[in-house]
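Student: Got a structure for you, written out below as structure tokens; questions coming shortly.
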Amino acid sequence: MREHKIVVLGSMGAGKSTLVRTVANGRVVDTDVHNTDASLTKALTTVAMDYADVDLPNGDRLRLVGTPGQARFEFIWPILLTGAAGIVVLVDGASDQAAAHFDTYLDALAAHAPQVPTVVGISRLDLKPDASLDPFHGRLEQRGRPLPVLPLDAREVDQILMVMDVLMSEIESTELVGRHD
Ligand SMILES: Nc1nc2c(ncn2[C@@H]2O[C@H](COP(=O)(O)OP(=O)(O)OP(=O)(O)O)[C@@H](O)[C@H]2O)c(=O)[nH]1
Ligand SMILES: [Mg+2]
């Protein structure tokens, strides 16, 4: 059996904890507390990490780590990213600041995990049906890092498994390239 540490990065309220909880079918350790950040109306927020073991249909096991989104916990991101085999960047597609948030996480990737296979998920698109994924692709192109960008409702296990599937393919092809270097 293969194990992969997968880290979920992304802004506050994007759905990182929801993703971990949904795919783990509730069997998760979380560190969510009452939210006092007035910038977002949300009952709970993560202060350290979410964690769950997830068995994939193909027999692989994920060690899934969700990060805290609030900028004051930025110091934890590189710690949680240590040893990551893959990364999901989750962006709240309904937020007016989605593009700015995306830049924050692309900067974090460039600083702490430039080589780690990564997939971008855009959540909450049902709340903004006319939103386009083009600005996200555009920013990735500018930075020369054309990552896959997929819509992702963090409450839907099938959509999460689809994103994990894409990520596993990225990890596998990176391993193949590495082997032939
Ligand atoms: N309508 C809608 N709601 C979503 C979607 N994805 C996630 N959510 C909801 O958005 C909220 C996200 O909250 P969390 O999962 O706590 O967000 P988080 O990223 O862990 O936030 P922090 O820990 O504060 O950084 C939850 O209420 C989810 O049910 C989506 O695609 N559509
Ligand atoms: Mg959270």
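Student: With +1 assigned to the C-beta of every Lys and Arg and -1 to the C-beta of every Asp and Glu, and no other charges, what is the dipole magnitude of the chain about the Cα centre in debye, to the nearest 20?
Tutor: Its charge dipole is roughly 320 debye.
Student: At 37 °C and 0.692 mPa s, what whole-number value in µm²/s does Stokes-Einstein give for the translational diffusion of segment 1-65, with Rh from the Kirkwood sum over Cα pairs?
Tutor: 260
Student: On average, how much accessible surface per residue is there in the chain, in Å², for a 1.4 Å probe, leaving out ligands, DNA and RNA?
Tutor: For the chain, the solvent-accessible area averages 51 Å² per residue.
Student: Right, here's the next one. Based on DSSP H assignment, which helices of the chain show an axial Cα extent of at least 20 Å together with a mean Kyte-Doolittle hydropathy greater than or equal to -0.5?
Tutor: Qualifying helices: 98-112, 157-180.
Student: Share of the chain's accessible area from carbon and sulfur, percent, 1.4 Å?
Tutor: 53
Student: If each of residue 44 and residue 174 carries a label point 7 Å out from its Cα toward its Cβ, how far apart are those two points in nm?
Tutor: 2.9
Student: In bins 10 Å wide, starting from 0, what share of all Cα pairs of segment 3-180 does each bin hold, as a percent?
Tutor: Result returned by the calculation: 10, 41, 38, 10, 1, 0.
Student: Once you place label points 7 Å from the Cα toward the Cβ at residue 139 and residue 111, how far apart are they in nm?
Tutor: Roughly 1.5 nm, to one decimal.
Student: Which of the peptides 148-161, 70-83 is most tightly packed, and how do the rest follow, judged by the mean count of other Cβ atoms within 10 Å per residue?
Tutor: Put in order of decreasing packing, that is 148-161, 70-83.
Student: Identify all lysines with a Cα-Cα distance to residue 42 below 24 Å; exclude those on the same chain that are fewer than 8 residues away in sequence.
Tutor: Of all the lysines, those that pass the test against residue 42 - Cα under 24 Å, at least 8 places apart if same chain - are 16, 128.
Student: Oh, and also: Is the C-alpha gyration tensor of segment 38-100 telling us rounded, prolate or oblate? Criteria: a/c under 1.5 is rounded; beyond that, a/b larger than b/c is prolate, otherwise oblate.
Tutor: prolate
Student: Could I ask something else about it? In whole angstrom, how far apart do the alpha carbon centroids of segment 17-62 and segment 108-181 sit?
Tutor: 19
Student: Could you please report the charge total around residue 16, scoring K, R as +1 and D, E as -1 over all other residues with beta-carbon less than 11 angstrom from its beta-carbon?
Tutor: -3
Student: Which of the peptides 32-40, 124-132, 8-16 is most tightly packed, and how do the rest follow, going by the mean number of other Cβ atoms within 10 Å of each residue?
Tutor: 8-16, 124-132, 32-40
Student: Which FRET efficiency, nearest 0.05, do residue 71 and residue 27 yield, Cβ-Cβ r, R0 30 Å?
Tutor: 0.55
Student: Also, I was wondering about something else. Under a crude label model (7 Å from the Cα following the beta-carbon direction), how far is residue 51 from residue 36 in nanometres?
Tutor: According to this spin-label approximation, the distance is 2.6 nm.
Student: Right, here's the next one. Of 19, 129, 71, which is farthest along the charge dipole of the chain in the positive direction, counting Lys and Arg as +1 and Asp and Glu as -1 at C-beta?
Tutor: 71
The values are calculated or read from the model by the stated rules, or taken from the named source; none is laboratory data. Just so you know, these numbers come straight off a predicted model, no measurement behind them. Backbone-built Cβ (ideal geometry, glycine too); neighbour counts: all protein chains shown. SASA here: full protein model, heavy atoms, side chains in, ligands and nucleic acids out. Shrake-Rupley method; radii C 1.70, N 1.55, O 1.52, S 1.80 Å.
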